[in-house]
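Below you'll find the structure, written out as structure tokens, and then a few comments.
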Amino acid sequence: MITITPSKRKFDLEEYHSLINVGIFHEDSNIELINGELFEMSPVGFRHASCVKKLNYLFAQKLPKEVIIGVQDPIKLNDKSEPQPDVILLKPRDDFYVTQHPTPEDIYLLIEVADSSIDYDRNIKLPAYAENKIMEVWLIDLNNSLLEKYTSPKYNYYQKMEKLSVEDTIFVDNFPSLKIAINEVL
């Protein structure tokens, strides 16, 4: 008897965008492309949405002219990955990235907010961010009321990780004078 094992079909960004353009996926579909694979994203719950709104409000108040804030917008990591992080602080550009999605070089800070998606964010997205040299990533773990700060990417992992609780404060590496109390976002 011959056994056939199905193989995975990987996509690059051009193929992924073609699927969107012909209507197989809609622009507002709840999917993202990571390392050539399509992943369905978890629905956003109330606590998750609230945390993203708090982050957006906080950064808009504290860094109004220093950054462009992206909320659940795609970024281009490479030719096989276009994730949609919850919040990104981007280098300002006059065109507001009208001709392309931001790339790792454009990102000051990337933030993922997670409850049901914690394993996916930690095991799939964080390695992709590290591999593509996103210099600072925050993973907000709503389940445990923690903020994990990842820095110093090497290969597909971060060499430094700091866990902070609601009693702590944090600084954004690119904006060292900006002090944020963790309880402001959790």
Here is a list: 30, 21, 78. Which entry is of a type outside the set (A, V, I, L, M, F, W, C), without any contact (Cβ under 8 Å) to a residue 40 or more places away in the chain and open to solvent by less than 80 Å² (accessible area, probe 1.4 Å)? 30
Report, by residue number, each residue of the stretch 150-176 that is of a type in the set (Lys, Arg) and under 14 Å from residue 139 (Cα atoms). 160, 163
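Residue by residue, here is whether (1) in contact with a Phe, Trp or Tyr (Cβ under 9 Å, 6 or more places away or on another chain); (2) farther than 19 Å from residue 33 by Cβ holds:
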{"position": "93", "(1), (2)": "no, yes"}
{"position": "100", "(1), (2)": "no, no"}
{"position": "108", "(1), (2)": "yes, yes"}
{"position": "115", "(1), (2)": "no, yes"}
{"position": "141", "(1), (2)": "no, yes"}
{"position": "165", "(1), (2)": "no, yes"}
For the stretch 100-116, give me the residue count where each residue is assigned to a loop (DSSP other than H, G, I, E, B) and either among the acidic types (Asp, Glu) or buried (at least 17 other Cβ atoms within 10 Å of the Cβ) (or both). 2
Of all strands (runs of 3 or more DSSP E) fully inside the stretch 1-97, the set with 2 or more residues that are over 21 Å from residue 186 (Cα atoms) is 31-34, 37-40
For the stretch 158-170, how many residues are part of a strand (DSSP E or B), open to solvent by 90 Å² or more (accessible area, probe 1.4 Å) and over 16 Å from residue 112 (Cα atoms)? 2
If we keep just the residues of the stretch 134-148 that are of a type outside the set (A, V, I, L, M) and over 13 Å from the mean Cα position of the chain (by Cα), which is surrounded by the most Cβ atoms within 10 Å (Cβ to Cβ)? 148
So residue 47 ticks every box in (1) surrounded by 15 or more Cβ atoms within 10 Å (Cβ to Cβ); (2) over 15 Å from the mean Cα position of the chain (by Cα); (3) touching a residue at least 60 places away in the same chain (Cβ under 8 Å) but one. Which box is left unticked? (1)
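The values are calculated or read from the model by the stated rules, or taken from the named source; none is laboratory data. Here the structure is a predicted model, which means the values were calculated and not measured. Using ideal geometry, Cβ is built from the backbone for each residue, glycine included, and neighbour counts are taken over all protein chains shown. These accessible areas exclude ligands, DNA and RNA; they are computed on the full protein's heavy atoms, side chains included. Shrake-Rupley method; radii C 1.70, N 1.55, O 1.52, S 1.80 Å.
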